[in-house]
Amino acid sequence: MQTHRRRRVPALAPDDRRAALVAATLPLLRAHGAAVTTRQIAEAAGVAEGTIFGVFPDKASLIVAALAAAFDENPMIRALSAIDPEAPLRERLADAVAIMMRRFEANGSLLMVARTLPPDTAQPLMEHLMESRKRLSDALAAVIEPDRALLRRSPRTVARLLFVVIMTTAHLEATEPENLTPDDIVGVLLDGLLIRTAGDA
C-alpha cells in the first residue's frame, strides 16, 4: 500500500519562512476566520506544526503578521501613483476607486478577523491601519491635485470624502449588494444624488 507523505518545503531562512507562513495563512483566514488552526496552516505551508512556533511565539502573532501583510498599503499607493495625471478627472477617479475597491473587497473578511483579536494584540494593528488610511488618502489627493481649480474643496478634503464613500460602499456591497460601479461612486461625489433637469445650474 502506498503511503501519502506530506509535501515538505525546502529549508528557508527565518525571514523567508515567516513570509511563507504568512502567505499560507491569509487564504485560510479568509476562509475560516480566527478559528483557523495551526495544523491547517502547517499543512498549507507544507511544514510541521512545530515549525510555526519556531518563527512565531503563538498563533495570534502569526495572525497579526498575516493581517498586517494584507493591509499593507504600498501596493495600492504604487497603483494610484501610476494613474495618468493627464487623463480627465472623472477617469482618474474611476481608476482610483476601482483600485481601492478591489483591495477593500478582498480584505473585508479580514477586518472582521482583526476585530476578534484581544485588544492588546490588536492595538498595534489598528494603529497601522489608521496610518495606512492616512497614506492612502494622501495618495488619492495626489491623483486629484491636477484638477484642484475645478473643485470647491481642496484635493485633500475631496480625497477624504471619496475614501469614506469607497469604504462605505465596500461594506454595503458585502451586506446588501448594490452593484455600484466606480463611475457610480465618482458620480455621487462630483454630482451628488439629485436628478438634474435642463433648468438646473
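A quick yes/no check of all residues on (1) outside any helix (DSSP H, G or I); (2) under 19 Å from A31 (Cβ atoms); (3) more than 10 Å from the chain's Cα centre (by Cα):
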site	(1), (2), (3)
R103	no, yes, no
A106	no, yes, no
V113	no, yes, yes
T121	no, no, yes
L125	no, no, yes
L129	no, no, no
R135	no, no, yes
A139	no, no, yes
- Pairs only if they're at least six apart or on different chains, beta carbon under 7 angstrom, first in the stretch 143-154 and closer than 11 Å to L89 by Cβ, second among the small types (G, A, S) and surrounded by 15 or more Cβ atoms within 10 Å (Cβ to Cβ); list them, first residue then second. V143/A96; I144/A159
- Confirm whether A87 is part of a helix (DSSP H, G or I) and hydrophobic (A, V, I, L, M, F, W, C). no
- Please work out if A94 is in contact (Cβ under 8 Å) with a residue 40 or more places away in the chain, assigned to a helix (DSSP H, G or I) and in contact with a Lys or Arg (Cβ under 8 Å, 6 or more places away or on another chain). no
- Being at pLDDT below 90 and closer than 24 Å to S81 by Cα narrows A159, A201, A170, A142 down to just A170
- Message: Given the criterion more than 18 Å from the chain's Cα centre (by Cα), loosely packed, with under 12 Cβ neighbours inside 10 Å and at pLDDT 90 or above, identify the matching residue among P10, P14, P57.
- Response: P57
- Message: Would you confirm, using the coordinates I've provided, whether A45 is crowded, with 18+ Cβ neighbours inside 10 Å, among the hydrophobic types (A, V, I, L, M, F, W, C) and out of contact with any Asp or Glu (no Cβ under 9 Å at 6 or more places or on another chain)?
- Response: yes
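The values are calculated or read from the model by the stated rules, or taken from the named source; none is laboratory data. Just so it is clear, the model here is predicted, and its values are computed rather than measured. Quick reminder, even Gly has a Cβ in these numbers, built from the backbone with ideal geometry, and neighbours come from all protein chains shown.
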